[in-house]
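Engineer: I am attaching a structure below and will ask some questions about it afterwards.
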Amino acid sequence: VTTYLLSELANRLNAKMLGEDIAITQVASLEKAQPEHITFFNEKPRLRNLQDSAAGAVVISEEYANLTDKSRLVVKNPYLAFAKISALFNPVRFTSVGISAQAIVAPSAQIAGGVSIGAYVTVGERVHIGERVVIHPGCHIGDDVVIGDDCVFYPRVTIYHQCIVGKRVILQAGAVIGSDGFGNVRDQDKWLNIPQIGRVILEDDVQVGANTTIDRGTLDDTIIRQGARLDNQIQIAHNVEIGRNSALAACVGIAGSTKIGADCLIAGAAMISGHLTITDGVIILGGTLVAKSIKQSGTYGGSYPMQSHTEWRHNAAQLRHLKQLAERVKILEKQSGLAHSTTLSEI
Amino acid sequence: VTTYLLSELANRLNAKMLGEDIAITQVASLEKAQPEHITFFNEKPRLRNLQDSAAGAVVISEEYANLTDKSRLVVKNPYLAFAKISALFNPVRFTSVGISAQAIVAPSAQIAGGVSIGAYVTVGERVHIGERVVIHPGCHIGDDVVIGDDCVFYPRVTIYHQCIVGKRVILQAGAVIGSDGFGNVRDQDKWLNIPQIGRVILEDDVQVGANTTIDRGTLDDTIIRQGARLDNQIQIAHNVEIGRNSALAACVGIAGSTKIGADCLIAGAAMISGHLTITDGVIILGGTLVAKSIKQSGTYGGSYPMQSHTEWRHNAAQLRHLKQLAERVKILEKQSGLAHSTTLSEI
Amino acid sequence: VTTYLLSELANRLNAKMLGEDIAITQVASLEKAQPEHITFFNEKPRLRNLQDSAAGAVVISEEYANLTDKSRLVVKNPYLAFAKISALFNPVRFTSVGISAQAIVAPSAQIAGGVSIGAYVTVGERVHIGERVVIHPGCHIGDDVVIGDDCVFYPRVTIYHQCIVGKRVILQAGAVIGSDGFGNVRDQDKWLNIPQIGRVILEDDVQVGANTTIDRGTLDDTIIRQGARLDNQIQIAHNVEIGRNSALAACVGIAGSTKIGADCLIAGAAMISGHLTITDGVIILGGTLVAKSIKQSGTYGGSYPMQSHTEWRHNAAQLRHLKQLAERVKILEKQSGLAHSTTLSEI
């Protein structure tokens, strides 16, 4: 068991400690924390949970620091500080297995020091794997793939041939990198494939969630820029580019050739059409269908509001006749002598 | 070939048999059934299909029992009875292979009797596997996982370390249980991960579809309660709880920390935002974005109605100016001496 | 390096060559092309990119042929011609490994000539595999599966027992074919499974994307007809039928028993409810929820238009009261002596 004195944690985080100095052995939630645990508090409505908590210590902001007399670390950003403390108590533990006897590594592959390759992994010809990379069981690394230092690939990740993976990239189980994009051209009565000869490039510090798929480019590359975070079950089509530090929540789909800027936040199940450009710093709300480019940073949304089934049916039925309703209002306005002119841009 | 007399089936199901007693060898659809098959009928509009069917026998309700003179079993719930009959003819067949010589089981793992572990499976340290569990090829079971009796895991399932799986749990191919949740904290110009130290707990009789992903909890556990059914390609984020016997159709996404009650039905592609509480017995229609908690059981929906492209464009264009339209109506009302006051709650 | 003279390419494609005859070694995008590359041009707004391009040659339509004096191939459909040229320079290369010593093929399986089976593949009892089939590492082929000639399965594909795969079928990594459909019948306080005894049939020339899932039929079969193309992360439920040459973009979900006609185009993230019939030649726009059958070919859509968050909130708030708004307009019309009668069909 790792143990830190609360005062040691205060030192490491440049935090102010209030209350008694105690020994801490783990982080925990308000609800589950025990006297040897440290928790965090940053939502006033959860004050009751703080009062009821058995936690020995709490990470808290200046604003709320007087709401409790527990031992506490006072910081600017409690959740960030808590994340750092949690990382101290929960380092990524991994016992290197070296290269499993049940893995197949092509003779021409170059494997750096400290690498761990699990059972039933296949590593193709001319692959380069950087230092301390951990490849869990059942992964497949195609020919000519290049992998930077300190990556972690969880079980059953597939990386197709020629893709480039930066340093410290983390891929969760089942992720597929470099599959063929959906490139179909109609040739009379059948579809013809256009070869997908680009690659996927995952820059340093990219993270990709479970069962997320990222297609290789048709001619040029699909690129996920440094530090971008992709959650589970995301689909990235061919030729897409995701900017630095953008974060995409689960079930998002990005269609082909769309470029997303840096520092964007795309909430769950948002769908972005193809061939668009989304500028830096854009926030897209959950479930929004983005069908045109966004040139100004800001928050964008668009989803049908949930209602009871009955209310929804009535409103949706009217929605199907909204244009007529607007015209009826126009007629009423004319009759009333009210001049109204709106330019209704088509969407 | 398994054969039952129709009268035997009637006995087993406490059903009333009408018509001649015949030998039945399999279940089949109305369209494909042959004279040695039994089918079911429970939709009046499909009467023609019943009349045209070559089926030797049919499971039918009292209400429709006179619509045919085929041999028939009359029951309250034809589809339920048919499911039970189908299970008689189609037991889950599996020839135990014991533990494949091409599987890797850690020496500290404890494997009960009757277990079948397929080729290229990896079982981690200190794993417990209950009796008669069947693990198909290519699965990965992480360290310290506990698996109850009579589970079936189809090929290429991944269970991360420390997760808990109850009895009779069925996981379809490609399911990922216990991947790291999407826990990112902004630290100046980059994202920091908050360690995901909770587990996933799948209680008894849970079933999970192909390529569905269930993230482990950040601090506490992600919990799928007894008997819940999850279809394919579902995403369950960290700290979510799904209540007893709730059924989620394909492509549903549940964002972090949301709690779903018991006996809920969530239709395909519905998306539920994070940190919400959905009470017991809620039905969510397909494609609905649920962005606030639901405290009353009932049916909820919200999706844009499909139209021809032209109609949709016109209506959607008006929708972008709906607030102005409402204001124009208000002005007309004022002018007409009609007082109207609605409290339009923001969504 | 493969090299063709531009005049040879012109011959092969029946294209008119304009400008100097040069040697071409590869296809490339307008932006990345070098003097030894051929590119294509078919969008007037990208004229500037054409002018700036270092490409040695360009595939172009008659209409635009005079916009450049580069060496060029003039054709009716530049993208189609370019696809064919790309296929010349980029044939699917594969060095047959025969049957890997680290694969497990059941003794009763029948494997035709020229087949390549990668490491850690499992092939079940009585499987038939046609000529020149390539199965990449980590795939699982269940008992009694039949696979036609010239198929390619990328890593970690799973095909459940008894499924039928035609000729030239391509399955990208992580695809799951034949998983159990979501067949649950309520039996008092719990769910009962109805056995899924149908198969999946993938006809000739079908292609399926990464991590797409196709469930087997409950009684009859799930069928994907000849030449249909399915992108990544699609969910096809039990008993669905997809018509010839229909193309489904990523993240589409098709619920149980729905039949989709031939030559349909279904854009990304569209969701189609169960038990519907969609006729031939239907185009569904991205993100549309299709909740009723479509009997006429044409284009259909329905999705909430994206706006700034503030505008969206205001409009969505009004949308929740659209029925009342319509009634208020009706009252105004009555008062004004304007008779208005619309039959508002429920959706």
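The values are calculated or read from the model by the stated rules, or taken from the named source; none is laboratory data. Since this is a predicted model, take the numbers as computed values, not measurements. Reconstructed Cβ throughout: ideal geometry from the backbone, glycine too, with neighbour counts over all protein chains shown. To get the accessible areas, we keep the full protein, side chains included, count just its heavy atoms, and leave off ligands, DNA and RNA. Shrake-Rupley method; radii C 1.70, N 1.55, O 1.52, S 1.80 Å.
Engineer: What does the copy distance list look like for residue A:192, label position 7 Å along Cα→Cβ, in nm and ordered from shortest?
Structural biologist: Ordered by distance, the counterparts are at 5.5, 5.5 nm.
Engineer: Related question: Rounded to whole Å and ordered largest first, report the semi-axes of the equivalent ellipsoid of chain C derived from its Cα gyration tensor (root of 5λ).
Structural biologist: 42, 38, 16
Engineer: Next up: Grab the Cα-Cα distance for residue A:42 and residue A:336, subtract it from 0.36 nm times how many residues apart they are, and report the gain in nm with one decimal. Write out the running numbers ahead of the final one.
Structural biologist: Working: separation 294, 0.36 × 294 = 105.84 nm, distance 5.49 nm.
Using 0.36 nm per residue and subtracting the Cα-Cα distance, I get 100.3 nm.
Engineer: Put a label point 7 Å from Cα along the Cβ direction on residue A:93, then list its distances to the equivalent points in the other copies in nm, shortest first.
Structural biologist: Counterpart label points of residue A:93 in the remaining copies fall at 4.5, 4.5 nm.
Engineer: Can I ask one more? Give me the net charge of residue B:188's neighbourhood, meaning all other residues with Cβ under 15 Å from the Cβ of residue B:188; Lys, Arg count +1, Asp, Glu -1.
Structural biologist: +1
Engineer: Please compute the average number of Cβ atoms from other chains found within 10 Å of each residue's Cβ in peptide B:251-257. Working shown, then result.
Structural biologist: Details: counts 14, 3, 11, 2, 8, 4, 0.
Across B:251-257, the average partner-chain Cβ count within 10 Å equals 6.
Engineer: Also: If you count only protein heavy atoms with a 1.4 Å probe, what accessible area per residue comes out for the protein assembly as shown, rounded to a whole Å²?
Structural biologist: Roughly 39 Å² per residue, with all protein chains present.
Engineer: Let me check something: with ligands and nucleic acids excluded, how do A:203, B:131, A:62 order by accessible area (1.4 Å probe), largest to smallest?
Structural biologist: Ranked list, largest accessible area first: A:62, B:131, A:203.
Engineer: Could you please put C:244, C:46 in sequence from largest to smallest accessible area, using a 1.4 Å probe? Numbers along the way, then the final one.
Structural biologist: Working: C:244 115, C:46 80 Å².
Largest accessible area first, the list is C:244, C:46.
Engineer: Picking from A:248, A:289, A:192, which is most flexible by a Gaussian network model of chain A using Cα springs under 10 Å?
Structural biologist: In the Gaussian network model the winner is A:192.
Engineer: Still on this structure, I have one more. Would you mind counting up the charge near residue C:280? Only other residues with Cβ under 12 Å from its Cβ, with Lys and Arg at +1 and Asp and Glu at -1.
Structural biologist: So the surrounding residues net to +3.
Engineer: To continue, here is another question. How many angstrom lie between the C-alpha centres of segment A:164-182 and segment B:39-57?
Structural biologist: 50 Å
Engineer: Let me ask something else. How far is it, in nm, from the label point at residue A:16 to the one at residue A:185 when both lie 7 Å from their Cα along the line to the Cβ?
Structural biologist: Taking the two extended label points, one gets 6.8 nm.
Engineer: Over the protein assembly as shown, what portion of Cα pair distances is larger than 38 Å, expressed as a whole percent? Let's see the in-between values first.
Structural biologist: On the way: 276467 of 541320 pairs.
For the protein assembly as shown, the fraction of Cα-Cα distances above 38 Å is 51 percent.
Engineer: Hey, another quick one. Return the FRET efficiency for the residue pair residue B:25, residue B:93: r is the Cβ-Cβ distance, R0 is 22 Å, and the value is rounded to the nearest 0.05.
Structural biologist: 0.90
Engineer: Taking 2.2 N^0.38 Å as the expected size of a compact globular protein, what ratio does the Cα radius of gyration of segment C:178-252 give against it, to two decimals?
Structural biologist: Against the empirical 2.2 N^0.38 Å value, I get 1.19 for segment C:178-252.
Engineer: Still on this structure, please answer the following. Thinking of segment A:78-125 as a set of Cα atoms, what percent of all their pairs are more than 13 Å apart?
Structural biologist: So the portion of pairs separated by more than 13 Å is 66 percent.
Engineer: At a probe radius of 1.4 Å, what is the per-residue accessible area of residue B:292, in Å² to the nearest 10?
Structural biologist: 90 Å²
Engineer: Could you work out the mean count of beta carbons from other protein chains within 10 Å of each residue's beta carbon in C:83-90? All intermediate terms of the calculation are to be shown ahead of the outcome.
Structural biologist: Working: counts 9, 4, 2, 9, 4, 1, 2, 4.
For peptide C:83-90, the averaged partner shielding equals 4.
Engineer: Here's another thing I want to ask about it. Please list C:20, B:43, C:125 from largest to smallest accessible area, probe radius 1.4 Å, with all protein chains kept in place.
Structural biologist: C:20, B:43, C:125
Engineer: For segment B:159-207, what is the largest minus smallest coordinate of the Cα atoms on each principal axis, given in angstrom and ordered from greatest to least?
Structural biologist: Per principal axis, max minus min of the Cα coordinates gives 47, 20, 14 Å.
Engineer: If you roll a 1.4 angstrom probe over the protein chains with everything in place, what fraction of the accessible area of segment C:122-190 belongs to carbon and sulfur, to the nearest %?
Structural biologist: 48 percent
Engineer: If you don't mind, there's one more thing I want to ask. Only helical DSSP H runs with n ≥ 4 go in: add -39500 (n - 2.57) per run for the protein assembly as shown, normalise by residue count and round the 222 nm mean residue ellipticity to 500 deg cm²/dmol.
Structural biologist: -4500 deg cm²/dmol
Engineer: Keeping all protein chains in the complex and leaving out DNA, RNA and ligands, what accessible area do you get for residue C:25 with a 1.4 Å probe, in Å² to the nearest 10?
Structural biologist: 40 Å²
Engineer: Considering only the other residues whose Cβ falls under 13 Å of the Cβ of residue A:50, what net charge follows from Lys and Arg at +1 and Asp and Glu at -1?
Structural biologist: +1
Engineer: Still on this structure: Would you kindly work out, in nm and rounded to one decimal, the distances from the label point of residue B:337 to those of the same position in each other copy, ordered shortest first, with label points 7 Å along Cα-to-Cβ?
Structural biologist: Copy-to-copy label distances for residue B:337: 1.5, 1.6 nm.
Engineer: Let me ask something additional. Could you name the aspartates and glutamates in cross-link range of residue B:76, using Cα to Cα under 13 Å and dropping any fewer than eight places away on the same chain?
Structural biologist: Partners within reach: B:62, B:63, C:187.
Engineer: Can you tell me what the convex hull of the Cα atoms of segment A:1-85 projects to on average, as an area in nm²? Provide the component values of the computation, followed by the final result.
Structural biologist: Values: hull surface 18.6 nm².
About 4.6 nm², averaged over all directions.
Engineer: P(r) for segment C:222-268, please, calculated from all Cα pair distances in 10 Å bins and given in %.
Structural biologist: Pairs per bin, as whole percents: 33, 64, 3.
Engineer: If I ignore ligands, DNA and RNA and count only protein heavy atoms, how much of residue B:263 is accessible to a 1.4 Å probe, in Å² to the nearest 10?
Structural biologist: About 70 Å², rounded to the nearest 10.
Engineer: So, one more: How many partner chain Cβ atoms sit within 10 Å of a residue's Cβ in peptide A:67-74, on average, as a whole number?
Structural biologist: Values: counts 0, 0, 0, 0, 0, 0, 0, 0.
Mean shielding by partner chains, rounded to a whole number: 0.
Engineer: Just to be sure I understand: with springs between alpha-carbon atoms less than 10 Å apart, which residue in C:171, C:285, C:319 has the highest mean-square fluctuation in the Gaussian network model of chain C?
Structural biologist: The residue that fluctuates most here is C:319.
Engineer: Name the residue, out of C:56, C:142, C:130, whose mean-square fluctuation peaks in a Gaussian network model built on chain C with Cα pairs under 10 Å.
Structural biologist: Fluctuation is largest for C:56.
Engineer: Based on the alpha-carbon set only, what is the convex hull volume of segment A:110-250 divided per residue, in Å³?
Structural biologist: Residue-normalised Cα hull volume stands at 95 Å³.
Engineer: With the cut-off at 19 Å, tell me which of the pairs A:84/A:167; A:44/A:70; B:16/B:84; B:334/C:334; A:44/B:190; B:190/C:32 have Cα atoms farther apart than that.
Structural biologist: Distance filter (> 19 Å) returns A:84/A:167; A:44/B:190; B:190/C:32.
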